[in-house]
Every structure is written in structure tokens, then in C-alpha cells.
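Below is one structure, written out as C-alpha cells; comments come after it.
The values are calculated or read from the model by the stated rules, or taken from the named source; none is laboratory data. On a predicted model such as this, the values are computed, not experimentally measured, just so you know. Cβ coordinates were reconstructed from backbone atoms using ideal geometry, including for glycine residues, and neighbour counts include every protein chain displayed. With ligands, DNA and RNA removed, areas are computed over all heavy atoms of the protein, side chains included. Shrake-Rupley method; radii C 1.70, N 1.55, O 1.52, S 1.80 Å.
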Amino acid sequence: LLHEAGLRRGDAIALMLPNRREFLEVTWGCQLSGLYYTPVNTHLTFDEVSYIVDDCQARALFIDSSMAQLASNLLGRNGGVDVRIVVGGELDGWDSYESALAAVTATAEPSDGCEMLYTSGTTGRPKGIRRPLPTENGSWAQGVLEQAALHLYKVDGDSVYLSPAPLYHAAGVNY
């Protein structure tokens, strides 16, 4: 979907989704196609969300249908956003996730993407942490966590991990 919309390695998206299946689909799609993805805290104000979407240079924005007022307010803002997708319903001015995926005909070459997370902003505006895109084997954070999971916790193909954390948080999205 994002490749067909013109996004290429190094481009960025933002997503405002609660813990749901589509959050993982979007982030893994970005992770496997060379894109930065910024999970945005679902409790932030309009101004905070708009700032992060602009600052991370998002070209696409995914939002949950339960955030209708925020989604409406974001229309006409964030000039760099070319693709607006609503997940879990329909909203005016936004393309439905299911319909957008059903219309996809393009494929993207595999390429490692990376999370772009934000600090809490305790000394002003939140700051984005944009590490260089990895060239193989995933992001730095994922590599550290993979080693911990394999060696410290003995995670293997039969293991199940339940994340009680919100996926927009560093712990949730990285684990």
C-alpha cells in the first residue's frame, strides 16, 4: 500500500492506533520495506499529535476510527501527509484500511526499516530519535532485544509473548 503510494526507503509514516492487529501489520510492513514508523501516544492532544506527525516527516498517517474528532481536526494539517488511512471503520476524508489494502497491486522490495520513537518532552517539545536505517538484520533496538530474548529468557519458536504495554510505547513496539 505504502509503496504504491510512492513511499520509498527512508520515508516515514505515523500511526495512532491502540493495541490491535493492524498496528502490528503496519509496523511490520514498514519494518520490512525500509520505512521509518512513528507510533504516536493515543492520549496526546491535537497540537502534540500534529507536531509529531510534522516533525517525523510522515508521508502517511494511520488512525483508529475511535478517534473521529482528532482525525477530523487533522484533515488539512500536516502538509507532508499524502496518505490518510482509518482503521476499524469509516471517516470522512480518510481511506478505509481494508479498502486501501484490497486495492493494492504493487509490491515492495524487502529492505530494513526502523522505529522512530519520541521522548516524553519533559523539557519542551518531544524529540524524535531517528537512527540510521539498518542495512541488515533489523534495527539496533530490535537486535538488543532479540539477544536478550534468546539468551536471557530462552525464547524460541514455541514461546508466546504477551505485551501488556501500549504498543505506541518503546517497550511495547520493540518487544
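Here are a few things to note about the model shown:
- All told, T38 falls short of being more than 16 Å from W94 (Cα to Cα), in contact with a strand residue (DSSP E or B) (Cβ under 7 Å, 6 or more places away or on another chain), open to solvent by 30 Å² or more (accessible area, probe 1.4 Å) and of a type in the set (V, I, T).
- G88 vs. criteria in contact with a Leu (Cβ under 6 Å, 6 or more places away or on another chain), of a type outside the set (S, T, Y) and open to solvent by 30 Å² or more (accessible area, probe 1.4 Å): no
- Residue within the stretch 66-76 that is open to solvent by less than 20 Å² (accessible area, probe 1.4 Å) and within 21 Å of N174 (Cβ to Cβ) present: no
- Filter pass, A58 being surrounded by 15 or more Cβ atoms within 10 Å (Cβ to Cβ) and either touching a strand residue (DSSP E or B) at 6+ places or on another chain (Cβ under 7 Å) or closer than 21 Å to E4 by Cβ (or both): yes
- Residue selected from the stretch 91-131 under the condition at pLDDT below 95, among the charged types (D, E, K, R) and open to solvent by 40 Å² or more (accessible area, probe 1.4 Å), by the criterion farthest from A14 (Cα to Cα): E109
- Selection status of V53, over 18 Å from H3 (Cβ atoms) and in a helix (DSSP H, G or I): yes
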